[in-house]
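Structure record follows, encoded as structure tokens.
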Amino acid sequence: MEDSAMDMESMGPLRPQTFLFGCELKADKEFQFKVDDEENEHQLSLRTVTLGAGAKDELHIVEAEALDYEGNPTKVVLASLKMSVQPTVSLGGFEITPPVVLRLKCGSGPVYVSGQHLVALEEEPESDEEDDDTKIVNASTKRPASGGGPKTPQKKPKLAEDDEDDDEDDDDDE
């Protein structure tokens, strides 16, 4: 039990990374978003679905296929677009956990899907060399924080005293 507690303590905090995501969908072309990295958490945050300039004025239905909370595949319609009626849809950060398949279920396209690929990376270094660098960085980071602490409270009382003096001066003017 102590070993597992030590493992949890040795894990660094998660550091979120955001990467730009985009793909083009056509009638015969689906997009598969897979991640082979099992060490970090990944999310696909979809923002917009937009018809391309060459899209016909026909109904375009964009579908996403992913796994539900039980691990079963499920399909949902993300957008129904038509050039003359609604050429773009804002999804506002619709998040899906990979693997995800995006396809154009109806229409010829092109349809562009954009968003962000979110990755939660551990801050724990992987090699001994990085370990040494991290220790040096952490030590230098701690020094200014502890040195800056006593200086801040000293300045605040001086400001408070100055404010009191200013108040007295204001009273004299009235």
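Near residue 118, within a Cβ-to-Cβ distance under 10 Å, what is the net charge of the other residues, with Lys and Arg +1 and Asp and Glu -1? Charge balance near residue 118 sits at -2. Multiplying the residue separation of residue 112 and residue 67 by 0.36 nm and removing their Cα-Cα distance gives an extension gain of 14.0 nm.
Using a simple spin-label model with pseudo-atoms 7 Å out from Cα toward Cβ, residue 18 and residue 47 lie 0.8 nm apart.
Between the alpha-carbon centers of region 12-53 and region 55-120, tell me the distance in whole angstrom. Cα centroid of region 12-53 versus Cα centroid of region 55-120: 11 Å apart.
Would you mind getting the accessible area per residue of region 21-120, heavy atoms of the protein chains only, 1.4 Å probe, in Å²? Solvent-accessible surface per residue comes out at 55 Å².
The values are calculated or read from the model by the stated rules, or taken from the named source; none is laboratory data. Because the structure is a prediction, the values reported are computed rather than measured. Note that each Cβ is placed from the backbone with ideal geometry, even for glycine, and that neighbours are counted across all protein chains shown. Heavy atoms of the whole protein, side chains included, go into the accessibility calculation; ligands, DNA and RNA do not. Shrake-Rupley method; radii C 1.70, N 1.55, O 1.52, S 1.80 Å.
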